[in-house]
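The values are calculated or read from the model by the stated rules, or taken from the named source; none is laboratory data. Not measured: the values here are computed from a predicted model. Because the Cβ atoms are built from the backbone with ideal geometry, glycine has one as well, and the counts that use them run over all protein chains shown. Areas reflect the complete protein model, heavy atoms only, side chains present, ligands, DNA and RNA absent. Shrake-Rupley method; radii C 1.70, N 1.55, O 1.52, S 1.80 Å.
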Amino acid sequence: MNIALLGFGTVGRAFYELALGRGDLRVTTVLSRRARPELRCTVTDRFEDILRDRSIDTVVEVMGGLEPAYGYLCEAMRAGKHIVTANKQLMCAHYDELLTLAQECGVSLRCTAAAGGGIPWLTSLSRAARLDELTAVGGILNGTTNYMLSAMTASGTDYTTCLREAQALGYAEADPTADVEGYDARRKLVLSANLAFGVSVREEEIPCFGISSVDAADFAAWREMGRVCKLFVRAERHDGRISAFVCPTLFPTASPVAQTNGTGNLVTLRGARFGELSFSGAGAGGYPTGSSVLSDCVDIAEGCPSFYVTRHEPKPIDNSAAVSRFYLRTGDGGTCTGPITVAEAFARIERARGEQVFLARLEEE
Ligand code: HSE
C-alpha cells in the first residue's frame, strides 16, 4: 500500500513514524506547505501531484477542518483512492455524502481515529452492530476535558492552567472551544450513534453543555455529594426514537467512569442481548491516535468493505422521554432537581442564559 499523508501535525508525524520500516505499507508522499528535508519521501504542496500519482492507492487525511480537506477527499475517492481520516468535524458535516461517494467509487473510507483516539471503538461498535441490536452508546470521549476535570478534582488546579497544560501537551484541538464546549465530544457521539443505530443524526440537533463555566464551588459541592464530574455523551434508541445529549455528568466516586483519569476515554455500548461492553484507553495524543490511523490502513490493505455500515437513515433527535436528575447552578448556587427530561434541563439552562450557570446530570447509582 502506497500512502499520501495530508497533514503533518501531532497525529500526522506520529503516524509517519509508526509506518516507517513496515513491509506492508509506505508513506510515499507528504502534503505540506513547508519543505521537510528530514523526511524520506516526496514532499509537495500541490494536491494535484497526489491525485495524478497512480502509484498512490490510499490517502490519509489528518489536516482537520472542513476545507480544503472535504474537496481533497472527494477528488481522491473519484480518482479511486481509499481514504483514512481522523477528521470528525468533516465526517459529521458530510457523513451522508462521503459514505455515498465511497460506495459509488468502490473505495474504502475509515475514520477510527475520529472517535476514541487509540481505542478501536468505531470498529468494535460497527462489529457489535452486525451481531446484536444496539440500544445505547455513551462515555467519556474527550481527552482534553477529562485531563482538565481530573486535575481540577484531584488537586484543585484552576481551569486556565489546566487548559494551557492540555494545549502544551498537544491534546486540545487547534481551537480549544471545540473541546471545552463539548463540540468535539458531540461529533464523536454523532459518529458513534450513526454506526450503532444505522442512522444519520445531525450534530446541531444534539443539546450540548461544556465545562467552560465550571468553578471551584461546584467541585466542593460534588465532593460533599461523593460524586466526580465527567464530560459525558449518551445516545439511546427506544421504539425507533433516538435521544442524544452531551452534558457534564456526576458519577459516584468509586465507579469505573469516575476512576477514568487524565486523557483516558471510556466508552460503553449496550446490546439488547449481549448487555454492556466497555472500552477504555488513551483518547488523545499522537501515538495512540496515529495507531488508530495505522490500523485503518492495515484493515484496508486486508480488504475491508467500503464503510463500517451500509445504512444511514436520517433521524431527528428526540429527548422528550430521556429523564434524569440534574445539578443546576444559577446565580443562587447549586441545587439538585427531581427527575426531569433532558429537554427540560436544557430549556432551564437556556432560560438562565446571561447568568453564570452550570448544568450536570446525576448518573443513577
Ligand atoms: N481534542 C481531542 C480530545 C483530540 O481531547 O479528545 C482527540 O480527538
- Restricted to the stretch 103-120 and to residues being crowded, with 21+ Cβ neighbours inside 10 Å and either out of contact with any helix residue (DSSP H, G or I) (no Cβ under 6 Å at 6 or more places or on another chain) or among the hydrophobic types (A, V, I, L, M, F, W, C) (or both), the residue farthest from Asp179 (Cα to Cα) is Val107
- Query: Filter the stretch 69-91 for residues that are in a helix (DSSP H, G or I) and open to solvent by 20 Å² or more (accessible area, probe 1.4 Å); which is nearest to the ligand (Cβ to nearest atom)?
  - Reply: Lys88
- Look at Leu250 and say whether it is aliphatic (A, V, I, L, M), in contact with a helix residue (DSSP H, G or I) (Cβ under 7 Å, 6 or more places away or on another chain) and either within 16 Å of the ligand (Cβ to nearest atom) or open to solvent by less than 50 Å² (accessible area, probe 1.4 Å) (or both). yes
- Reported set for the stretch 44-68 where residues are closer than 18 Å to Ala301 by Cα and open to solvent by 50 Å² or more (accessible area, probe 1.4 Å) is Arg54, Ser55, Asp57
- Note on the structure: Of the residues in the stretch 166-183, those that are in contact with a Leu (Cβ under 8 Å, 6 or more places away or on another chain) and either under 20 Å from Tyr287 (Cα atoms) or without any contact (Cβ under 8 Å) to a residue 40 or more places away in the chain (or both) number 3
- Could you grab the pairs with beta carbons closer than 6 Å, sequence gap of 6+ or different chains, first residue in the stretch 134-163 and aliphatic (A, V, I, L, M), second one within 12 Å of the ligand (Cβ to nearest atom) and modelled with pLDDT of 95 or more? Ile140/Asn146; Ile140/Asn265; Leu141/Ala185; Leu141/Lys188; Leu141/Val233; Leu141/Asn265
- Cβ pairs under 9 Å, 6+ apart or interchain, first in the stretch 267-287 and within 25 Å of Arg237 (Cβ to Cβ) and at pLDDT 95 or above, second open to solvent by 50 Å² or more (accessible area, probe 1.4 Å) and within 15 Å of the ligand (Cβ to nearest atom), ordered by first then second residue, are Val267/Ser280; Phe279/Pro120
- Query: Got a sec? Which of Ala113, Ala154, Ala166 is more than 16 Å from the ligand (Cβ to nearest atom), in a helix (DSSP H, G or I) and at negative phi?
  - Reply: Ala154
- Task: Please determine, by comparing only the residues of the stretch 289-311 that are open to solvent by 40 Å² or more (accessible area, probe 1.4 Å) and not acidic (Asp, Glu), which one is nearest to Ala343 (Cα to Cα).
- Result: Arg311
- A careful count of residues in the stretch 323-365 that are part of a loop (DSSP other than H, G, I, E, B) and at pLDDT 95 or above gives 4
- What pairs can you find where one residue is in the stretch 350-365 and farther than 18 Å from Glu224 by Cβ, the other is open to solvent by 100 Å² or more (accessible area, probe 1.4 Å), and their Cβ atoms are less than 7 Å apart, with a gap of 6+ or different chains? none
- Task: Answer yes if at least one residue in the stretch 181-190 is open to solvent by 50 Å² or more (accessible area, probe 1.4 Å), at pLDDT below 95 and outside any loop (DSSP other than H, G, I, E, B), and no otherwise.
- Result: no
